[in-house]
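Report on the structure given below.
The values are calculated or read from the model by the stated rules, or taken from the named source; none is laboratory data. Quick caveat: nothing in here was measured; it's all calculated off a predicted structure. Positions of Cβ are backbone-derived with ideal geometry, glycine not excepted, and every protein chain shown enters the neighbour counts. We work out accessible area using only protein heavy atoms, side chains counted, and drop any ligands, DNA or RNA first. Shrake-Rupley method; radii C 1.70, N 1.55, O 1.52, S 1.80 Å.
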Amino acid sequence: MLESIDTSMIDWSRAQFALTAMYHWLFVPLTLGLAVIMGLMETLYVISGNEYWKRTAKFWMKLFGINFAVGVATGLILEFQFGTNWSNYSWFVGDIFGAPLAIEGIVAFFMEATFVAVMFFGWNKVSKKFHLASTWLTGLGATFSAWWILVANSWMQYPVGMAFNPDTVRNEMVDFWAVAFSPVAVTKFFHTVLSSWMLGAVFVIGVSAWFLLRKREKEFAVGSMKIAAMVGLFASLVTAFTGDKSAYQVAQCQPMKLAAMEALYDGGTNEALTVVGDIKIPKMLSYLATHDFEGYVPGINNILLGGYILPDGTEALPALEKMKNGKKAIAALADYREAKQAGNQAEMNAARETIEENMPYFGYGYIDDPNSLVPNVWLSFWAFRVMVGLGMYFIVFFALILFLARKRKLSEFNWLHYIALISIPLAYLASQAGWIVAEVGRQPWTIQDLLPVNAAISRLETGSVVTTFFIFLILFTVLLIAEIGIMLKAIQKGPEEKA
Amino acid sequence: MIKTQILRIWKFYWDGFRSMTIGRTLWALILIKLFIMFAILKLFFFPDFLSGKTSEEKQEYVGHELINRSAKSIN
């Protein structure tokens, strides 16, 4: 029974997964962001033949290589955890989760392993154009693998393209394209990848600013800042656009997440968007959530109590009703299995019908208190503000860099260089905050409405999960210190001597 | 022909690795990390929870778990 699952074991498993994912995400966005910037620099070299761009591209490639080497395969540990800590989940999702991850693994291995080698070893061995193609294909490989990971994640937030099979107790993919190109996946891909370009751009600008503060490599630093600021401004505007789209989708598919992000307990029409405290933008939340300034936005209490009209015109069910329906689905699954054992086809058909009818609420059958459907409001609320606030700041930051570059004054202001340096950790903070919004906001679900964490978890000993949590903490911290150490050394050394 | 191609690829990688500077430290780091991940963590700390079971046994086990974890009663 539910009571026999130790809730502290669930919390430790969640903490372990969060820790691994957050550390993994320290490496990924820089890989995605630097890939584009160094690709552009090498393109300028191939077009202009100017050795300056080759030297610049090679320096950022070196930092890309360090980050890539330290970060590679850290994501595999998440897959270990699926098999060990989340075995019910892993079985329940079946091939829907497995297929994108398998494609990701194969593509990542072949594309990245092949082209990374050409990129690093091939400078004087392959033609300029072939080398350039390899550089872009390395970035494309990393981006392509991000696509499949984000498809898998999006399916958990917005499960589509599958049917539950009571015989195998698995969800089976019935529409690959619905899974691969679900609107949530498409938006999440562009939002995540473009925000990674932003992080890469901030990193390049910050490191370049360090050179300017040290009065070293002025031409290299200014050139790098210009390219990075152009990429960064473009990426930050697209990130803002896709962020708006993402908020709209969250309002439609995960209204509880939106209510938590806004700490909105009692919703209504003409809802204002809270900036912080009592500072509010009138009607803006209604517009963001419904694309109508007078649109209705349900709050946490409204979602629990139901009774309001959903965008499709139907009435929202109260949480208690959903819980009853979920229990019906689970009871029907038990009946189905019994009837199957007894060879009673008529009862099997009846049970299957009940399962299908109540499947959208299957996960609610594991909820014993409606309040457990509410995610951590404080964390969701502030993580959202950190992400959006820093996103806005970066738009201004990139615009300012480009403005000063146009005025040829990029190397003049030490205050700007200090701000650029401080902005590097802020970019990581924004990136992590984004994932906190996405993942904390969807609790208690591993799969939205279908499987909460207390049903997804394996029966493990809490002690073993605590042990592995600390093993990860130590391992990843060592890796991070190694990366920072090697990278600082490479930065201090600077670009290769001019030929 | 194929042999020549394989030799060329081998020489490409061999020369590349030999000329690495910072890359040697990185390769050492990658190998240590992979060893810890696959030879220690995966083997001793992260066994597949359902391993050793046939597909039918997995269905049976997970089915049983999902049915019996259902919340007791809802008023």
**Q.** Residues with amide H under 5 Å from that of residue A:283, placed H, sequence gap 5 or more
**A.** A:272, A:273
(Q) For the pair residue A:353/residue A:165, report the inter-label distance in nm, with labels modelled 7 Å from Cα in the Cβ direction. (A) 2.4 nm
Q) How are the Cα pair distances of segment A:157-305 distributed, in percent, across 5 Å bins from 0? A) 2, 9, 12, 13, 12, 12, 12, 10, 8, 6, 3, 2, 0, 0
Q | Contact surface A-B: accessible area buried, both sides summed, square angstrom, 1.4 angstrom probe | A | 4500 Å²
Q | Net charge contributed by nearby residues that have their C-beta within less than 13 Å of residue A:391 (K/R +1, D/E -1) | A | 0
(Q) Under a Cβ-only charge scheme (Lys and Arg +1, Asp and Glu -1), can you give me the dipole magnitude of chain B about the Cα centre, in debye to the nearest 20? (A) 540 debye
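Could you work out the longest stretch of chain A that avoids the GluC sites (Glu not before Pro) located in DSSP loops with at most 14 other Cβ atoms within 10 Å?
A:1-293
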Q) Over segment A:192-256, what is the mean sequence separation of C-alpha contacts under 8 Å (at least six apart), divided by residue count, expressed as relative contact order in percent? A) 42 percent
Q) How much mean residue ellipticity at 222 nm does the protein assembly as shown get from its helices, if each DSSP H run of length 4 or more adds -39500 (n - 2.57) and you divide by all residues, to the nearest 500 deg cm²/dmol? A) -23500 deg cm²/dmol
Q. With a ≥ b ≥ c the root eigenvalues of the C-alpha gyration tensor of segment A:52-154, is it rounded (a/c under 1.5), prolate (a/b larger than b/c) or oblate?
A. prolate
Q) At what distance in angstrom do the alpha carbon centres of segment A:118-136 and segment A:269-321 lie from each other? A) 53 Å
Q: For peptide B:21-34, compute the average count of partner chain beta-carbon atoms within 10 Å of each residue's beta-carbon.
A: 5
Q | Hull-based mean projected area of chain B, where the convex hull spans the alpha carbons, in square nanometres | A | 11.5 nm²
Q. In nm, what is the difference between 0.36 nm times the number of residues separating residue A:244 and residue A:466 and their Cα-Cα distance?
A. 76.1 nm
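For segment A:250-300, which chymotrypsin sites (Phe, Trp or Tyr not before Pro) are in a loop by DSSP, counting at most 10 other Cβ atoms within 10 Å?
Numbers: sites: A:265, A:287, A:293, A:296; in loops: A:265, A:293, A:296.
Within segment A:250-300, no chymotrypsin sites (Phe, Trp or Tyr not before Pro) qualify (loop, at most 10 other Cβ atoms within 10 Å).
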Q | Projected label distance in nm at residue A:130 and residue A:215, using a 7 Å step from Cα toward the beta-carbon | A | 4.6 nm
Q: Would you mind pulling out the separation of the Cα centroids of segment A:87-111 and segment A:139-207, in Å?
A: 12 Å
Q) What residues of segment A:118-141 lose no less than 30 Å² of accessible area with every protein chain in place versus their chain by itself (probe 1.4 Å, heavy atoms only)? A) A:121, A:125
Q) Angle between the Cα long axis of helix A:377-406 and the longest principal axis of chain A, 0 to 90 degrees, nearest 10? A) 20 degrees
Q. In degrees from 0 to 90, rounded to the nearest 10, what is the angle of the helix A:319-342 Cα long axis to the longest principal axis of chain A?
A. 70 degrees
Q | Diffusion constant of segment A:394-480 at 10 °C, which comes from Stokes-Einstein with the Kirkwood Cα-pair radius and 1.306 mPa s, µm²/s | A | 91 µm²/s
Q. Under a plain spin-label model, where a point goes 7 Å from the Cα along Cα-to-Cβ, how far apart in nm are residue A:379 and residue B:2?
A. 5.4 nm
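Mind giving me the FRET efficiency for residue A:484 and residue A:78? R0 is 22 Å, r the Cβ-Cβ distance, nearest 0.05 is fine.
It comes out at approximately 0.50.
Can you compute the equivalent ellipsoid semi-axes for segment A:350-499, i.e. the square root of 5 times each eigenvalue of the Cα gyration tensor, sorted largest first and rounded to whole Å?
Each semi-axis is the square root of five times an eigenvalue, giving 46, 23, 14 Å.
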Q | Estimated FRET transfer efficiency when R0 is 35 angstrom, pair residue A:18-residue A:172 (beta carbons, to 0.05) | A | 0.75
Q: For segment A:387-441, restrict the atom set to alpha-carbon positions and state the Rg and Dmax in Å.
A: 13.7, 44
Q. Excluding same-chain residues fewer than 8 positions from residue A:62, which aspartates and glutamates have a Cα within less than 19 Å of its Cα?
A. A:42, A:51, A:112, A:217, A:219, A:483, A:496, A:497, B:15
Q | Carbon and sulfur %, accessible surface of chain A computed with the full protein complex present, 1.4 Å | A | 65 percent
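For the protein assembly as shown, report the % of Cα-Cα distances exceeding 36 Å.
Considering the protein assembly as shown, 41 percent of its Cα-Cα pairs are separated by more than 36 Å.
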Q.
Bin width 10 Å, origin at 0, all Cα-Cα pairs of segment A:194-235: what percent of pairs per bin?
A. 36, 48, 15, 0
